[in-house]
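Read through the structure below, which is laid out as structure tokens, and then see the notes.
The values are calculated or read from the model by the stated rules, or taken from the named source; none is laboratory data. Just so it is clear, the model here is predicted, and its values are computed rather than measured. All Cβ positions, even for glycine, are placed from backbone atoms using ideal geometry, and neighbour counts span all protein chains on display. Note: accessible area is taken over every heavy atom of the protein model, side chains too, but ligands, DNA and RNA are not part of it. Shrake-Rupley method; radii C 1.70, N 1.55, O 1.52, S 1.80 Å.
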Amino acid sequence: RRMSFLGIEKENILSMQPNPKYFKEVGLSIDLKDLQPATEEEKEGFIQRPESMGYWADAMRRFKENKVAMISLCFLFIVVLFAFIGPFFVQGDYSTQFRGMENLSPSIRFPFGTDKLGRDLMVRAMYGTRVSIIVGVFASLIVLVIGTVYGSISGYLGGNVDNVMMRFLDLIYSVPDVLVVILLGIVIKTPLKDWVNSSQSEFARNLQILGPGLISIFIAFGLLYWVGMARIIRGQVLTLKQNEYITAVVALGGSKKRIIRKHLYPNCIGQIIVMTAMQIPSAIFLESFLSFLGIGVEAPMTSLGAMASDALGGIYSYPYRLIIPSILLSLIILSLNLIGDGLRDALDPRLKK
């Protein structure tokens, strides 16, 4: 029990040498024989010195303590190995057909079975998962770059510039995103094929593999889906620019570009990471939805949404063809959302216990 009303602390009583005059002055009647100097073990057990820890180390510690987020991260790591390393250990690729082995049920040789063309569904699931992850990551990077730059400029400049830029965002909000993706896919399909046929470069062949559907998705993310990121970064910048250290940098002659890059971005990094992590499952879901409708990846390339769409023709005879990609897609999106929640809890100091 702390004895602050006497002007002394309990730990001081344990460690100090008895002084009869002091106890007499404060009017404390105590038997000095009961007071003995504390041992080193008693001192260490009583005085709890908190460990010094930086912001990122503390955030990592709290993220590791989130068991749900760590399990989701481990699952996502296994999925990444399945999608990017697995194809090196199997026979054929997403378009390889095994003649005479059409419509096989799951077995040791074909764990996910085969489709009506004799293609290994496990191999196609590997490539489909790879396509979904790549689309999600690159689309999120597009949103990150455009949204962060636009939101920081709007928030820092303020005034009429901020009003005009925010009204432009309101205009983008009114545009139906799925319709834009469909129209873009239709518009660029013919020019893309003509350019690929006339060009022999490796870049053109890669674009042909992606197809107009995926290219239109990337364009749509660059045109429409960065609005949410821009609004959040703008709000953070509006709050941060009122702080004293920003005023000091302005008084010392710091340029606007340097203030945004050196002082505002680092203080928004937590929100940026969380928003980017949350955008990945949204992009994966959009790509799978469009591929399910037939306007995403083009055959023979596949994705999880395209595999689910192909399975509809034999849903009653071969239900596993729909169940497997659907469960895999659902678990990927769920794990990414849980990781995003864990990052939010770890990076937000207000949620610290």
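Values computed for the structure shown
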quantity: Residue ranges of helices (runs of 4 or more DSSP H) in segment 107-203 with at least 3 members closer than 22 Å to S303 by Cα; calculated: 121-157, 177-198
quantity: Of all residues in segment 75-119 being among the charged types (D, E, K, R), under 21 Å from L329 (Cα atoms) and touching a helix residue (DSSP H, G or I) at 6+ places or on another chain (Cβ under 8 Å), the one that is most open to solvent (accessible area, probe 1.4 Å); calculated: D93
quantity: Residue match in segment 335-350 (condition: farther than 30 Å from G54 by Cβ, outside any loop (DSSP other than H, G, I, E, B) and open to solvent by 40 Å² or more (accessible area, probe 1.4 Å)); calculated: no
quantity: Test: residue in segment 124-145 that is charged (D, E, K, R), in contact with a Phe, Trp or Tyr (Cβ under 7 Å, 6 or more places away or on another chain) and open to solvent by 20 Å² or more (accessible area, probe 1.4 Å); calculated: yes
quantity: Criterion violated by M165 - all others in (1) open to solvent by less than 40 Å² (accessible area, probe 1.4 Å); (2) farther than 15 Å from G222 by Cβ; (3) in contact (Cβ under 8 Å) with a residue 60 or more places away in the chain satisfied; calculated: (3)
quantity: Within segment 175-195, tally of residues that are farther than 15 Å from A220 by Cβ and either open to solvent by 40 Å² or more (accessible area, probe 1.4 Å) or touching a strand residue (DSSP E or B) at 6+ places or on another chain (Cβ under 9 Å) (or both); calculated: 5
quantity: Residue within segment 303-311 that is in a loop (DSSP other than H, G, I, E, B), within 29 Å of the chain's Cα centre (by Cα), modelled with pLDDT of 85 or more and within 17 Å of F218 (Cβ to Cβ) present; calculated: yes
quantity: Single residue of A230, A220, A248 found to be open to solvent by 40 Å² or more (accessible area, probe 1.4 Å) and either in contact with a helix residue (DSSP H, G or I) (Cβ under 7 Å, 6 or more places away or on another chain) or over 20 Å from G296 (Cβ atoms) (or both); calculated: A248
quantity: Residue within segment 253-269 that is in a helix (DSSP H, G or I), buried (at least 16 other Cβ atoms within 10 Å of the Cβ) and of a type in the set (F, W, Y) present; calculated: yes
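Conditions (1) buried (at least 22 other Cβ atoms within 10 Å of the Cβ); (2) over 28 Å from I71 (Cβ atoms), marked per residue:
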| position | (1), (2) |
| --- | --- |
| I280 | yes, no |
| E287 | yes, no |
| L293 | no, yes |
| E298 | no, yes |
| G313 | no, yes |
| S317 | no, yes |
| P325 | yes, no |
| L328 | no, no |
| I333 | no, no |
